[in-house]
Each structure stands twice: as C-alpha cells, then as structure tokens.
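Below is one structure, written out as structure tokens, with a few remarks after it.
The values are calculated or read from the model by the stated rules, or taken from the named source; none is laboratory data. On a predicted model such as this, the values are computed, not experimentally measured, just so you know. Note that each Cβ is placed from the backbone with ideal geometry, even for glycine, and that neighbours are counted across all protein chains shown. Just the protein is used for accessible areas: all its heavy atoms, side chains included, with ligands, DNA and RNA removed. Shrake-Rupley method; radii C 1.70, N 1.55, O 1.52, S 1.80 Å.
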Amino acid sequence: MSEYRDIAVRSRHGGTPASGGRADGRGSHQEPPGGRQGGRRSNKEPRRGRVTPMGWVSIALTGVLTLGTLGAYGYYRSLDANINREDVGDLGDNRPPETGALNVLLVGSDSREGANKRYGAKSQGLGERTDTIMLLHISPNRDKATMISFPRDSMVMVPTCDKPGGGVIPAGLRQINAAFNDGGIKCTIRTIESITQLHVDHFVKVDFTGFKGIIDALGGIEVCLPKAVNDPKAKLVLSAGKHVVSGEQALGYVRTRYVLGDGSDLGRIQRQQVFLTKVMEKVTDGGLLTDPGKLNGFLQAATKTVTVDSHLTLDRMLEIANSVRGLSAKELKGITVPVEAYPANKNRVQFKQPDARNFFDSVRNDVEVTASPKPGVTAGPKIEHDQVRVQVFNGSGEYGKAAQVAAELADQGFVVTHVGNVAATATTAIRYGKKDAQGAAYADTVAARLSKDKRTPTAGKIKPLTVEAYKSDVTKMPTGPVVQLVIGADWPGVRVLSAIPSSLKDKVVDSSTNPCL
C-alpha cells in the first residue's frame, strides 16, 4: 500500500472492522409474479400501517455523528448504554474491497414489539419488515456524504442467506426488502454488497418509537407543502405552505404518500430526503450544538432508537464523528438508485441499466484522497484541469479505449488534443517533455485523476503508432506543457469527482432543493 493510499485507510480504522461478507452465489431462482415475492404477506395476514422510517433513520445517524462535538468521555459512556447492538456474525471473506470510504447501511424496522405496540398491536409477533433501505456513503476525505435510497419495490438478485431461526433462504430474484424481511440485517448486508459491490462497514437499524421525541428535542423541523393535505392514513392535516412540524405532524409528514406528488414511493423518498437535509441544517446550523440542554435531549432520544452492529463501538463512533466534523447540510446529497418499471408486475420496479451500474461504479471510484505534504517540501502552484493539454494513447489492447478515456477526462475539464494508439504495454504511464520546466506539475494533475494508487509521472514522451486530433468544444487553447497519458493493460480507471455521475445530477436532493414537493 502506498503512502498516498494509506492516508485514507488509516483515517477510518479505529478498531476491528465490522464482520460481514458478500455471498458467493447469486442464484437464478425466480418466483412467479403471482407468488410471495419480496416477502409480501398473503391477503389473510393482518395489514400493517405504512410507516416509512427514513426520517428517523437519518436523525438517529445524525445523532451518532454529532457525538464528536462533545468533550466528556463519561457522557459518551452514558449515551453508549442507550444503544442496542447486534452481532451479524461471520459473513465470509469474499467481500468487496475497502477503498477508504465509509459505507453505513441504514434500515428502518416496523416492528410492533415492546413500546411500538401502540402503532399496531395486531401486528405483534409478525417479525420485522422495512420500507426503508439506504446506504450512507462518506468519501475518503470525509468532506462529502451521499445518501443512496433503494426503493423497497425494487426487484434484485438476493443471494443465499441463513434464516435467523434456522434454515436457508435460496438465492433468487426477489423484492429488495425481502432480504431484511426474511433474512434479517445479515442478509440485507449480503444483498447490498452483492448488487453494488460496495463494502458495507456498519449498519444502523431504527424503529419509530422515539421519532416524535427526537423531533421535539430539535424544536421541530420546517417543511413545505405544495397544497393542502388531509391524509387520514398518515394522520396529517395541514394547509399549503411552510409549517414547523413536531410530534404527530412530523410523523405524518414522513408517512404521507398518496395525497402528494404522483402518489408513488419514489416521490415520498424524495420528500424524505429533503426532510433529512432540513434535519442536518437544524443540527449543524440551528444552534443545537451550542445549547447543552437541547443537545442532551436530542442525543438521549436518538441513541435510544437505534440498533447497530457490534463493531460500531463507542470508540469507533467517536472516530467517525471526529472525521466528519466539517460536514454540513450542503455537503449531504440524496439520490435514489435509477429504476424503471418491472415488466412482470407494474407495482414493482427494477434497476435501470446501464444507469444503475454506472452509478455504483462512480460510488466505488469515489476515492479522492488529498495527500499530506511531506515535511520540508513546499507545495507547487495548483494546476487547474483546464490548463492541461492531454494526449491519450491506447496500449491496452482494448478497442476504443483512448476515445473513452479522452471523453472522461474532457468531462472533468482537461483539454484533450489528440488520441491514438501505441504498442501494447502492461503499465499505464503519464509522460511529459524532458525540457518542460513545469511538465511534472502538469502531469501530476493528470496522475491525481487516476484511481487506485497515485502514479509518478515520467519524463520523456513517446511516439505513437497512430494519432488523430480529438474533437473538442474548447474555444481557448491553454499554452502550458502537453501531457501524454499512455493506457496500459493495468488501466485503473479515471477517478470520479463526485459519487453521483453527471447523468443523474438532476435527480439529486440537497440543501438547495425546493422543499415544496
């Protein structure tokens, strides 16, 4: 591991990594459209109230991360005693690799056991179900956070899982929430890792008992309704416009579905993502952190609502909290996995390809790491992408690779001037002219955009076998050194600037999104 790479990995290991693993077999079993796919209950089973806990999943996690703002370890211990922990066991060694990012799986449980009895006593003894599955992805630099929502009606390949009470769940095509409904959190981790190839570090599970107390402790959250709402199912009656909601009104807001937008679960997810940004604003910018009384009430309520994996220890929480101190609401982006109609059942969806695959690729490649300068070394001038002219030459043996990589670099602002081919080469290289005084600095800017370990540019250019001008929209050509990027068989890929690809930018929910949805 290089020093460059080690920076990210060191920053996120404060204890033993959470155990877990990606299932080896994905299986091919598919239940018929009329069967009990996705763990749906038969018509004879009691109907549960539709409660989507996305809002309080997010609030509880925010509470965990906020621990880093406090200064008394004894107080941490008192909060830690509130948190339930669950050991997911050994899920094997065949897991997606760690990249230095932090991925926390969030699920909302609608269990009616214990204090949750008041929300549906007839559903006691029926186990847990979830309408909410999300993955919080925090970049290796800990300066960006992406909340990825998986629609509960998504049809995906669920790997072979152990049943919590014994027995085996065969692999097959099922609704995504079947992983949690039938196999618990262990099966959910296996499923998410299998379909995304993202390493899940920890999980946080939340029920809705403490939701109203949390919102009250925050002093309410401002929401905006595009029209008047009278929803008996969600118990929400509010006029159009802005309102500060707490207690039952807040619970109703995160539950309502059919009376706003197009009535779909996707529309509700988007509103809940907006709700999360408002929670983050209230926590980070609303004075909560400077009011000891309110902060204590918020943390006490939040920690009592969560169950986490056994490796999310107090020390690990504090490490995570300290690493994300600089995050605020504006750095939090919400996005839903791209989906389309599922042909076999109009009430379900499937991941839209290649959009979903490209999205997960972007998240995996979100490995931006800023290396610390070495002692006694003065940092050189910052070279912007639009100052760098690049020639892209393909030696990988893969047809069309130069044009593909040139387009990816051009999307990031580099000025690509030529593409072509060179003799087959095993190793990717970045080259600059021996006589270019600033060649190394310009080449280093290109090297920083490649994934995996950072490569050291090489002095001395090569002559390509074929070369042609690259069509560019650039109107003013820079005058700095020309850099050659030679693509080898070990091509690592272009490191993305954001976990969310450009094609999905219009689907992002953040602090600037219109809240009147």
With a Förster distance of 25 angstrom and the Cβ-Cβ distance between D473 and A403, calculated FRET efficiency to the nearest 0.05 equals 0.95
Scoring only Lys, Arg, Asp and Glu (+1, +1, -1, -1) among other residues with Cβ under 9 Å from the Cβ of Q484 yields +2
Cross-link reach from K186 to lysines, straight Cα distance under 16 Å and at least 8 residues apart if same chain, gives K163, K205
Stretched fully, the stretch from A423 through V259 gains (0.36 nm per residue minus C-alpha distance, one decimal, in nm) 52.8 nm
Label model pair R357, A489: point-to-point distance (7 angstrom along the Cα→beta-carbon line) in nm is 2.4
The simple spin-label model distance between N514 and D315, using points 7 Å out along Cα→Cβ, in nm, is 5.1
From the cross-link list K330/K507; K144/K452; K144/K507; K144/K278; K282/K330; K212/K235, the entries with a Cα-Cα span beyond 21 Å are none
Bridge orientation stat for segment 377-517 from DSSP, antiparallel percent rounded to 5, came to 40
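Summing +1 for each Lys or Arg and -1 for each Asp or Glu, what net charge is found among the other residues whose Cβ lies under 15 Å from the Cβ of S503?
Net of charged neighbours comes to -1.
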For K435, the lysines lying under 17 Å Cα to Cα, once residues fewer than eight places off in the same chain are dropped, come out as K461, K463
Order by accessible surface, 1.4 Å probe, largest leading, for residues M280, M134 comes to M280, M134
Kirkwood calc, segment 175-228, C-alpha pairs only, radius in angstrom 14.2
Given 229-241, 490-502, the highest-first ranking by average Cβ count within 10 Å works out to 490-502, 229-241
For segment 358-517, the convex hull over Cα atoms projects on average to an area in nm² of 12.0
